[in-house]
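Some notes on the structure that comes next.
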Amino acid sequence: MVIGHLNRVSAQFSTTITTFNKLVGSIDQKLVPGARKMSDLDPGMGDVEEVQMIESQPRISRSHSVSEADAPAELGSGDGDGEAVSDPA
């Protein structure tokens, strides 16, 4: 029961991180170039700050007998440190 809840929360965190990173990518592509042009025209505006993407993903509990095939694809298997694991394929 608790493990199932934690796995659902983990999947929701993963979705939130993915959505946030897509938003950052969109801002970088669409808003930042215009803001930099405006900053070049008006040096008093200051530098355009950048938003950093979130690089880590929630860790999947090892105490639950969930195989990687059963885990949500976007979570990966994790190595226990909370960092995302890249897919070698």
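Just a few scattered comments:
- Cα pair distances of the stretch 1-42 binned at 5 Å [whole percent]: 6, 21, 13, 14, 11, 9, 9, 7, 6, 4, 2, 0
- Cβ-derived FRET efficiency at R0 30 Å, PHE13 paired with ASP40, nearest 0.05: 0.20
Values in this text are rule-based calculations from the coordinates and carry no lab data. This is a predicted model, so every value here is computed, not measured. Reconstructed Cβ throughout: ideal geometry from the backbone, glycine too, with neighbour counts over all protein chains shown.
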